[in-house]
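Bear in mind these aren't lab numbers, they're just calculated from the coordinates by the rules spelled out. Remember, predicted model here, so these are calculated numbers, not experimental data. Heads up, the Cβs are rebuilt from the backbone with ideal geometry, glycines too, and the neighbour counts pull from every protein chain shown.
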Amino acid sequence: MTTLRWCLALSGWAALAAVTLLPEGNIPRAVVTTAFLLVCPGLAAARWARSAPLRATDRTAVGERALLALVLSLSLAVLAVEPMFLGGTFTTVRAMLALAAVTSLLALLPGPGGGRRRSTPATPATPATPPEDAPEPAAERPERPDAG
């Protein structure tokens, strides 16, 4: 596993520790939780969903991934907090716990399609010769002379 995946997995728990251990109104608490809420859940979701690796030389890809991470982070935060508000059970610790768990899960799971890539191309699935019980191909129609 890469260090990015481990950092994403542990970031939520660090933010949860900051929320529970640091006093309210403390600047490091606000910085850690804001950075986590704006970046980490979305970055974990974008990393999990995207199969192509990010190239640091392509500025548009970096910008796209940053914007996608921000939007996904805000969306995941709303999805985590809204049921708590509606149920009357919202607390900051519960919201951070839910987001930390989702972020860790997305960071540590292999991406869709499996975690390992094949190094050799796959062989074609269709056989070179048709089976004996396959239907005959339809005969080609002769071109009509008036078509054109």
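Observations, loosely collected:
- Packing here is the average count of other Cβ atoms within 10 Å per residue, and on that basis the peptides 41-50, 18-27, highest first, run 41-50, 18-27.
- Within the range 14-42, backbone nitrogen closer than 14 Å to the virtual label 7 Å beyond the Cα of THR89 toward Cβ: none
- ASN26 paired with ALA49, simple spin-label distance in nm, labels 7 Å along Cα-to-beta-carbon: 3.4 nm
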